[in-house]
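The values are calculated or read from the model by the stated rules, or taken from the named source; none is laboratory data. No experiment lies behind these values; they were computed from the predicted model shown. Positions of Cβ are generated from backbone atoms using ideal geometry, with glycine treated the same way; all protein chains shown enter the neighbour counts. Surface accessibility is based on the protein's heavy atoms, side chains included, excluding ligands, DNA and RNA. Shrake-Rupley method; radii C 1.70, N 1.55, O 1.52, S 1.80 Å.
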Amino acid sequence: MGKLKLVVLDWAGTTVDYGCFAPVAAFDKAFRAFGVQPTIDEIRAPMGMLKRDHIRTMLRMERLAAQWQERTGKAAEEADVEAIYRVFEEKLMESLSDYAVPKPDVIDTVGQLREMGLKIGSTTGYTDSMMAVVVPEAARQGYAPDYWCSPDSVDGFGRPYPYMIFRNMQQLGIADVREVIKVGDTVSDIREGKQAGVLSLGVMEGSSVLGLTQAEFEALSLADRAEACAKARQTFLDAGADDVLQSIRELPAWIRQRHFDGGNP
């Protein structure tokens, strides 16, 4: 295996927006606007996907499909996906700048990775218009990857398709998938990485999989915290993750041990 050269990070829930709450609220409002009442678990299950794909996935869920059928008298169609998406986008854009705050340890971690000679790429389930809000606000607060890519840059083929990772490799001059690692906070992130053939890590603290605010996570008893993290870890591993980190702050040491000190991943 060649020496690692590129770390591809997700955005909401991984580097910004602790707990990945911006899209959750917007999806909830969008579906409720059409008389469908999703649970938080139903909203979070497809998290990380292109947002239209996220809506399609939710509409195929048995409970939500039944609600839609009862409400409208028919199965959901593509026009319905677009109608829900328009509401989702409106609600998300209203508050998106408030959810671009870098998570704890992200700025320091990225600094360490760059000192190790690594390039910082990124992928997202957000569109270009959404990223036009998130990217400058995150940069203003100290976080800016070397490159970012949304599904818009790859003809709408977002996660779990691997093309955003390949676009990062192209733009940052990386030829070998063995020199790339993907880090994210959702099942979709892991699947994206595995489809691309790169090492894929899940991050628990601040993740969509955990779905807790920082205050909620820190208020958990040690036993409850351990139980929640064990469940999250298993979710990542079941999705194919090569490993799971408690926090993104563990990433530099993980990489040094396996890629800079002669260890095996």
Residue list for segment 19-43, restricted to those being touching a Gly at 6+ places or on another chain (Cβ under 9 Å) and surrounded by 23 or more Cβ atoms within 10 Å (Cβ to Cβ) = 19, 20, 23
ask   = within 23 Å of residue 245 (Cβ to Cβ), small (Gly, Ala, Ser), crowded, with 17+ Cβ neighbours inside 10 Å and in contact with a Gly (Cβ under 7 Å, 6 or more places away or on another chain), is that true of residue 158?
value = no
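Looking only at segment 38-53, count how many residues are at pLDDT below 95 and part of a helix (DSSP H, G or I).
Here is the first cut: in segment 38-53, the residues at pLDDT below 95 are 40-41, 44-53.
From the residues that got through so far, the ones that are part of a helix (DSSP H, G or I) too are 40-41, 44, 51-53.
Summing the residues that are at pLDDT below 95 and part of a helix (DSSP H, G or I) in segment 38-53 gives 6.
Check every one of the helices (runs of 4 or more DSSP H) wholly within segment 67-149 and list those with 2 or more residues that are of a type in the set (A, V, I, L, M), closer than 22 Å to residue 51 by Cβ and more than 15 Å from the chain's Cα centre (by Cα).
Details: elements: 78-95, 106-115, 128-140.
Output list reads 78-95, 128-140.
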message = closer than 27 Å to residue 246 by Cβ, touching a strand residue (DSSP E or B) at 6+ places or on another chain (Cβ under 9 Å), at pLDDT below 95 and buried (at least 20 other Cβ atoms within 10 Å of the Cβ): is that true of residue 191 in this structure?
response = no
query = Residues in segment 135-150 that are closer than 25 Å to residue 244 by Cβ and out of contact with any strand residue (DSSP E or B) (no Cβ under 6 Å at 6 or more places or on another chain): how many?
reply = 0
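Just checking, how many residues over segment 161-175 are more than 12 Å from residue 121 (Cα to Cα) and either open to solvent by less than 10 Å² (accessible area, probe 1.4 Å) or outside any helix (DSSP H, G or I) (or both)? Please lay out each step first, then the result.
Applying the first criterion (more than 12 Å from residue 121 (Cα to Cα)) to segment 161-175 yields 161-163, 175.
Now drop any that are not either open to solvent by less than 10 Å² (accessible area, probe 1.4 Å) or outside any helix (DSSP H, G or I) (or both), which leaves 161-162, 175.
Result for segment 161-175: 3.
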ask   = Does residue 210 satisfy the criteria of being out of contact with any helix residue (DSSP H, G or I) (no Cβ under 6 Å at 6 or more places or on another chain) and within 16 Å of residue 239 (Cβ to Cβ)?
value = no
message = Against the condition over 18 Å from the mean Cα position of the chain (by Cα) and either in a loop (DSSP other than H, G, I, E, B) or free of Cβ contacts under 8 Å to residues at least 24 places away in the same chain (or both), how does residue 178 come out, does it pass?
response = no
query = Does segment 25-43 include one or more residues that are under 25 Å from residue 129 (Cα atoms) and touching a strand residue (DSSP E or B) at 6+ places or on another chain (Cβ under 8 Å)?
reply = no
